[in-house]
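**Q** The structure's right below; bear with me while I get my questions together.
Each value in this text was obtained by applying a stated rule to the coordinates, not by laboratory testing. All values reported here derive from a predicted model rather than from experimental measurement. Note that each Cβ is placed from the backbone with ideal geometry, even for glycine, and that neighbours are counted across all protein chains shown.
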Amino acid sequence: MTPALKIQRLRAEDGSLPPMPARATEGAAGFDVRAFIREPVTVAPGALVQIPTGLVLEIPHGFAVFVFARSGLACRHGITPANGVGVIDSDYRGEVRVGLCNVSDTAYTIQPLDRVAQLVMLELPRYALEEVAQTTDTARGAGGFGSTGR
């Protein structure tokens, strides 16, 4: 059985509702969410903003929703999620707000109803934590970032 991500749309003061998240193509992994704002928001270089979506999610237990960048915003304009990837837990019931940062040297303006992120719901395996005196060895060992070469 396919789990359902339940979505409540919050009505704005003018009575309007935010658009439902939607896949841009049939093969898209994520559902695009839009900026539910009245006025444009300019993100200065190095600045952080929170963009409301007008959406509240009811995520099934055992799942989480991850907030990923939209490739076009990130690669063309340097607008990325402020925390890398956002995580929405199944017991959160507040409005989804997308934290964005501008890592470019040029200001960027987000217009009302612009697509600002994509949501992907993933099942989370349950696991226990076990403290050990020492972990097992591997061929890589403690080699860090970039230790395996190009």
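**Q** Where Rh is the Kirkwood radius over the Cα pairs of the stretch 1-64, the temperature 4 °C and the viscosity 1.567 mPa s, what D in µm²/s does Stokes-Einstein return? Don't skip to the end; give the middle numbers.
**A** On the way: Rh = 14.1 Å.
The Stokes-Einstein estimate is 92 µm²/s.
**Q** Please report the net charge: other residues with Cβ closer than 15 Å to the Cβ of residue 90, K and R +1, D and E -1. Don't skip to the end; give the middle numbers.
**A** On the way: positive: 6, 93, 126; negative: 58, 89, 91, 123.
With Lys, Arg at +1 and Asp, Glu at -1, the net is -1.
**Q** What GluC sites (Glu not before Pro) in the stretch 1-67 are in a loop by DSSP, with at most 12 other Cβ atoms within 10 Å of the Cβ?
**A** The qualifying sites are 13, 26.
**Q** Now, a different point. Can you figure out the FRET efficiency of residue 122 with residue 39, using R₀ = 30 Å and their beta-carbon distance, to the nearest 0.05? Present the calculation step by step, with values, prior to reporting the outcome.
**A** Details: r = 34 Å, r/R0 = 1.13.
Efficiency, rounded to the nearest 0.05: 0.35.
**Q** How big is D, in µm² s⁻¹, for the stretch 66-148 by Stokes-Einstein at 25 °C and 0.890 mPa s if Rh is the Kirkwood radius over C-alpha pairs?
**A** 149 µm²/s
**Q** Same structure again: Given only helices, namely DSSP H runs of n ≥ 4 each adding -39500 (n - 2.57), what is the per-residue ellipticity at 222 nm of the chain, to the nearest 500 deg cm²/dmol?
**A** Details: 1 runs with 7 residues, N = 150.
Result for the chain, helices only: -1000 deg cm²/dmol.
**Q** Over the chain, what is the relative contact order in percent, taking alpha-carbon pairs closer than 8 angstrom and at least six residues apart?
**A** Across the chain, relative contact order equals 29 percent.
**Q** Moving to a separate point now. Per residue, how much space in cubic angstrom lies within the convex hull of the C-alpha atoms of the chain?
**A** Roughly 192 Å³ of hull volume per residue.
**Q** Magnitude of the Cβ-charge dipole of the chain, K/R +1 and D/E -1, about the Cα centre, nearest 20 debye? If you can, show how the numbers build up before the last one.
**A** On the way: 14 positive and 15 negative charges, 78 e Å.
With only Lys, Arg, Asp and Glu charged at Cβ, the dipole is about 380 debye.
**Q** Same structure again: Take the Cα of residue 92, step 7 Å along the line toward its Cβ, and report every residue of the stretch 13-39 whose backbone nitrogen sits under 16 Å from that point.
**A** Within reach of a label on residue 92, which here means backbone N under 16 Å from a point 7 Å along Cα→Cβ, the stretch 13-39 contributes 31, 33-34.
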